[in-house]
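Following: one structure in structure tokens, then a few remarks.
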Amino acid sequence: MTTPDPLLQPFQLKQLTLRNRFLSTAHEPAYTEEGMPKTRYRLYHAEKAKGGIALTMIGGSAVVSPDSPPVFGNILLYKDEVVRWLGELADDVHAHGAAVMIQLTHLGRRTLWSKADWLPVVAPSAIREPAHRAFPKAAEDWDIARILRDYADAAERCVAGGMDGIEIECYGHLADQFWSPATNMRDDEYGGSLENRMRFSQEVVQAIRARVGGDIVLGLRMVCDEDWEKGLTRDEGLAIARRFAAGGDIDFINVIRGHIDTDEALSHVIPGMGARLAPHLDFAGEVRAATGVPVFHAARIQDLATARHAIASAKLDMVGMTRAHIADPHIAGKLAAGREDDIRPCVGMGYCIDRIYFGGEALCIHNPATGREEFLPHVVGPSGGARRKVVVVGAGPAGLEAARVAAARGHDVVVFEAAAEPGGQIRLTAKLGRRREIMGIVDWRVAQCLKQGVRFRYNTYAEADDILAEAPDVVFIATGGLPNLSFLEAGDDLVTTSWDILSGAVKPAGTVLLFDDNGADAGLTIAEFLAEAGSRLEIATPERTLGPEVGGTNYPPYFKSLARHDVTISLNLRLESVARAGNHLAATLVNPYDRSRRIREVEQIVVEHATLPLDELYFALKSGSRNRGAVDYAALIANQAQESGPAAGGYALYRIGDAVAARNIHAAIYDALRLAKDL
Ligand SMILES: Cc1cc2nc3c(=O)[nH]c(=O)nc-3n(C[C@H](O)[C@H](O)[C@H](O)COP(=O)(O)O)c2cc1C
Ligand code: SF4
């Protein structure tokens, strides 16, 4: 007899039976419409339910009061109309056998006054949160009374909307801003002693219980140690957890360790690529032992072995795998079906969370179907039509996705790749050791392709005749690009590209000027690589800040490395030309504001200016294709097939990814999925 998998054992939480141990913790994907969790929001959570999850926690930071305005599309729980939308969502999730709870909060100082109703931001004391930048007012007695009422009203709406439970957010938000000595300087009954600092959160719990009764599951997602010299200590955090547990009003604790008032601090609470796996798991186990209440926890538990260990070793009752479910909402189902290898891995890129701020919606870097469930499939099935011959040129992310999806449609797929290995630019990025996990995007696709019979021809620089010899029905040109040096007025033959360095073709020199006119991860990756390799480095960029396209959870590790190596950062400088200067190179840099010029003499000048498409093959094949390479954008946007009916002879030709224009991994994979899913 085989031992049952601990992850697949049910868990009884009060009257609620959770079918296994998988939990998606609260995270606001910013999919609300007018602050309501409508169709997009519902389908996103229903997909996890379909995929077998036991419990999905919706409403990352769903707000209870108008003076807690949404900073990233939060659900507005202070509006009655929310009940209807919660109800539809709950029904859909329940229909697929999962439970659904909601996290509610008052953001306190962690928001902006310039949103929604332009009310002043409120906090225990008038201390600014660096990350969101509002200068708050200190809460008065009438603020506290009103917010307590708002919590109770919001909880009532959640119960009316069919939620199976409620979680109160107590890390970095109003409730625990009262706990923390870093944010509470009050000298009234809400400040000073731990008992006083706990008063507000206890009143919140009591107000909610008084309104919704004792049966509904109620828990705290709470910081039990701010890990911060001026913050809540571990002893105080554990004391708060014990007091709530002993009070009997709460049914679970969802453990957080760390503080989130700066991007750097947040990157330890939501650790990304290169960070240690499950860094706070042992601590969560200590909270469980100290309180005796069921414990939930999430922080970079990305693989099933770690998750299994968390349950088997009794550190957790429910294991949060939140970004893991953003990458693949079908984890539990695949595990139960013995298809663990098919789980699309979360590689910790943090694109999902960073985009709620700068893109307005969470998207997974390598699962374009997430958040687009209404239009795009998470599972691609066979076409049911004739088997077609599909030729893909290029085994970077775009080409691999096209091959994977075309093969899943049941077609005969061959991939030509000029290099000896797949991956394209992803393989270069992975040369920075801290980011090697990014190869999961490539490895998962290659494994899926091989399982489905895709043939790979490496070391093959395909010409038009090679493609035509395959008698293809469909050709995908995913040849990527080559480093763009076209902007230089002189000296492009003297500079080194970031690719030269990362590929190992050129060694980093002693003194290096890096010109980054990309502003994205590529620039910071090569900067960190050069700094770690020991180069004395100056980064010049025409931007007003370094890496403007790199999001809040991603830039701190880069900046830490650059600071450690004392890298010089020079803003507002554009590289104009490069010339020889003895055995050195001279870079002419122009300030675009006053047109002043300065010369830097160094041993090596490295340029990161994205890529220009490698498109010769596409243009060689274009005139012979039946669509002349054209993409029907109307059909693409409507998620419809490019060609209706049987193929009319010859081949259809599609150019995808950076072979069209320099973009990012998500864009490349999205191109491929949209075009290949209807083949
Ligand atoms: C897009 C996104 C939004 C998030 N928003 C919230 C939130 O509003 N409230 C919260 O408690 N946690 C939030 N989180 C944190 C997650 O709940 C979780 O703690 C974090 O992703 C670490 O767990 P993981 O490694 O399993 O992803 C968010 C995470 C993501 C990815
Ligand atoms: S974007 Fe990155 S961190 Fe977020 S779910 Fe996708 S792979 Fe994971």
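The values are calculated or read from the model by the stated rules, or taken from the named source; none is laboratory data. The shown structure was predicted, so the numbers you read here are calculated from the model rather than taken from an experiment. Neighbour counts run over all protein chains shown; Cβ positions are idealised from the backbone, glycine included.
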Got a sec? Which strands (runs of 3 or more DSSP E) wholly within the range 576-679 have at least 3 residues that are crowded, with 18+ Cβ neighbours inside 10 Å and touching a residue at least 12 places away in the same chain (Cβ under 8 Å)? 584-590, 604-608, 652-655
Filter the range 86-118 for residues that are out of contact with any Pro (no Cβ under 9 Å at 6 or more places or on another chain) and of a type in the set (D, E, K, R); which is nearest to Leu43 (Cα to Cα)? Asp92
Please go through (1) buried (at least 19 other Cβ atoms within 10 Å of the Cβ); (2) more than 13 Å from ligand 2 (Cβ to nearest atom) for Gly360 and return the number of the only condition it doesn't satisfy. (1)
Tally up the residues in the range 333-368 that are assigned to a loop (DSSP other than H, G, I, E, B) and either within 16 Å of ligand 1 (Cβ to nearest atom) or among the aromatic types (Phe, Trp, Tyr) (or both), please. 16
Subset tally (residues that are among the small types (Gly, Ala, Ser) and away from ligand 2 (no atom under 16 Å from the Cβ)) for the range 306-351: 9
Of the residues in the range 411-424, those that are surrounded by 22 or more Cβ atoms within 10 Å (Cβ to Cβ) and outside any strand (DSSP E or B) number 5
Being within 16 Å of ligand 2 (Cβ to nearest atom) and surrounded by fewer than 20 Cβ atoms within 10 Å (Cβ to Cβ) narrows Asp282, Asp235, Asp249, Asp263 down to just Asp263
Kindly establish whether Asp317 is in contact with a Phe, Trp or Tyr (Cβ under 8 Å, 6 or more places away or on another chain) and of a type in the set (D, E, K, R). yes
Among the residues of the range 126-137, is any touching a helix residue (DSSP H, G or I) at 6+ places or on another chain (Cβ under 8 Å) and surrounded by fewer than 16 Cβ atoms within 10 Å (Cβ to Cβ)? no
Test for Ala395: is it within 16 Å of ligand 2 (Cβ to nearest atom), part of a loop (DSSP other than H, G, I, E, B) and at pLDDT 95 or above: no
Among the residues in the range 523-533, are any touching a strand residue (DSSP E or B) at 6+ places or on another chain (Cβ under 9 Å) and aromatic (Phe, Trp, Tyr)? no
Checked the range 426-449 for anything within 15 Å of Gly396 (Cα to Cα), buried (at least 19 other Cβ atoms within 10 Å of the Cβ) and within 16 Å of ligand 2 (Cβ to nearest atom); matches are Ile426, Thr429, Ala430, Ile438, Gly440, Ile441, Val442, Trp444, Arg445, Gln448
